[in-house]
1. Looking only at the stretch 9-32, how many residues end up being assigned to a strand (DSSP E or B) and in contact with a helix residue (DSSP H, G or I) (Cβ under 6 Å, 6 or more places away or on another chain)?
2. Find the residue count for the stretch 102-140, including only residues that are hydrophobic (A, V, I, L, M, F, W, C), surrounded by 15 or more Cβ atoms within 10 Å (Cβ to Cβ) and more than 23 Å from residue 57 (Cβ to Cβ).
3. Against the condition within 16 Å of the ligand (Cβ to nearest atom) and modelled with pLDDT of 95 or more, how does residue 246 come out, does it pass?
4. Test residue 95 against the stated conditions and say whether it is among the hydroxyl-bearing types (Ser, Thr, Tyr), surrounded by 18 or more Cβ atoms within 10 Å (Cβ to Cβ) and closer than 20 Å to residue 62 by Cα.
5. Can residue 140 be described as farther than 30 Å from residue 306 by Cα and either of a type outside the set (Val, Ile, Thr) or over 20 Å from the mean Cα position of the chain (by Cα) (or both)?
6. From the list 99, 121, exactly one residue is under 20 Å from residue 168 (Cβ atoms), β-branched (Val, Ile, Thr) and in a strand (DSSP E or B). Which is it?
7. From 241, 199, which residue is more than 12 Å from the ligand (Cβ to nearest atom), in the same structural domain as residue 172 (by TED's automatic domain parsing), buried (at least 21 other Cβ atoms within 10 Å of the Cβ) and under 23 Å from residue 154 (Cα atoms)?
8. Just to be sure I understand, how many residues within the stretch 202-225 are crowded, with 19+ Cβ neighbours inside 10 Å and more than 8 Å from the ligand (Cβ to nearest atom)?
Amino acid sequence: AITEVDTIWANGRLVGWADAKVHVLTHALHYGTSMFEGIRVYDTPDGPAAFRLTDHIGRMADSARIYSLDLPYSAGEMIEACKQVVRANALSSAYLRPIALVGYGSIGVVPASGTPIDVYIAAFPWGAYLGDEARAKGVDVCVSSWNRLAPNTTPTGAKAGGNYLSSYLISREAKSRGYAEGIGLDVDGRLSEGAGENLFLVKDGRLITPPAASSILQGITRDSVIKLARREGIEVIEQPLPREMLYLCDEAFFTGTAAEITPIRSVDDKPTRAAGAGPLTRLVQDRFFGLFDGSTKDDWGWLEPVADR
Ligand code: PMP
């Protein structure tokens, strides 16, 4: 369940949690025409900081660009609004959910000109996505019978509401079969990603992850892991991967804003060689979570303070 807080940012002003409503004929409800982000705010020694907020807002603008939607707010305004809603609710850590959607005013699939693009930003507390134990012990997952979206259908490089019907089918099937999460194969049958997470394998001391062309969302956590690992001198390879690599790897883990770094313990009932968090997964976790307690140096300016300057 979502933990309610006081206010939500709605089209430029703060409104009460219960008042952030849309009309039933909102275009996005019918056709999936929304662009959104998920961002975590961490309670750091220097105060609450939004992790890679600028990059997330940049990806949201890119998603809108793919669908030719004109966002009514600049990136700078969106970034400021995200910080404002965290402050307004006095949150020290939070999950931020900005969403831009084609609003009320047109029922045609291509909205008539003048149909509003509405923008909302919610911030609320949210714990570990795949469960509290998952971070330490890892999760048991399966390969889904559903493929991820083919590249010439709806692009997985956009974080658009409609894409999450694919994630819904993959994750729902996995959960109904008793697994924590499902992994989608791409249209060629190669490894793609989890329903809401990117996938990394560890083999012979190297990190391997499917490339952008494998129908993935190019995750910001994925990019952070690649940069953190390379700074440690660990080789990271982006390459197309056959399914059997899931059964041959030493370690595997998911990355995502919600899932953070979650070890994969088994796939299709076959334990990885590490059967949980192996040494490289632990190192990546240590460096990633270290960003938020100050034990990992932030060379990139990823921690963006939410405090008023
Ligand atoms: N893939 C999908 C389908 C996702 O929904 C997410 C979560 N946004 C990710 C990957 C991970 O992306 P990020 O690290 O930017 O949260």
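1. Going through the stretch 9-32, the residues assigned to a strand (DSSP E or B) turn out to be 9-10, 13-16.
Filter once more, keeping what is in contact with a helix residue (DSSP H, G or I) (Cβ under 6 Å, 6 or more places away or on another chain): 9, 14.
Residues in the stretch 9-32 being assigned to a strand (DSSP E or B) and in contact with a helix residue (DSSP H, G or I) (Cβ under 6 Å, 6 or more places away or on another chain): 2 in total.
2. Step one: filter the stretch 102-140 for residues hydrophobic (A, V, I, L, M, F, W, C), giving 102, 107, 109-110, 112, 117, 119, 121-124, 126, 128, 130, 134, 136, 139.
Adding the requirement that they be surrounded by 15 or more Cβ atoms within 10 Å (Cβ to Cβ) leaves 102, 117, 119, 121-124, 126, 130, 134, 139.
Still in the list and also more than 23 Å from residue 57 (Cβ to Cβ): 130, 134, 139.
Counting residues in the stretch 102-140 that are hydrophobic (A, V, I, L, M, F, W, C), surrounded by 15 or more Cβ atoms within 10 Å (Cβ to Cβ) and more than 23 Å from residue 57 (Cβ to Cβ) gives 3.
3. Numbers: within 16 Å of the ligand (Cβ to nearest atom): no; modelled with pLDDT of 95 or more: yes.
Answer is no for this residue.
4. Details: among the hydroxyl-bearing types (Ser, Thr, Tyr): yes; surrounded by 18 or more Cβ atoms within 10 Å (Cβ to Cβ): yes; closer than 20 Å to residue 62 by Cα: no.
Judged against the criteria, residue 95 is not a match.
5. Numbers: farther than 30 Å from residue 306 by Cα: yes; either of a type outside the set (Val, Ile, Thr) or over 20 Å from the mean Cα position of the chain (by Cα) (or both): yes.
Yes: the conditions hold for residue 140.
6. Numbers: 121 fails: under 20 Å from residue 168 (Cβ atoms).
Going through 99, 121 in turn, the sole match is 99.
7. Numbers: 199 fails: more than 12 Å from the ligand (Cβ to nearest atom).
Step by step, each of 241, 199 is checked, and only 241 is more than 12 Å from the ligand (Cβ to nearest atom), in the same structural domain as residue 172 (by TED's automatic domain parsing), buried (at least 21 other Cβ atoms within 10 Å of the Cβ) and under 23 Å from residue 154 (Cα atoms).
8. In the first step, residues of the stretch 202-225 are kept if they are crowded, with 19+ Cβ neighbours inside 10 Å; the result is 202, 207-210, 214-217, 219-222, 224-225.
Filter once more, keeping what is more than 8 Å from the ligand (Cβ to nearest atom): 202, 207-210, 214-215, 225.
Summing the residues that are crowded, with 19+ Cβ neighbours inside 10 Å and more than 8 Å from the ligand (Cβ to nearest atom) in the stretch 202-225 gives 8.
The values are calculated or read from the model by the stated rules, or taken from the named source; none is laboratory data. Remember, it's a predicted structure, so these values are computed and weren't measured experimentally. Because the Cβ atoms are built from the backbone with ideal geometry, glycine has one as well, and the counts that use them run over all protein chains shown.
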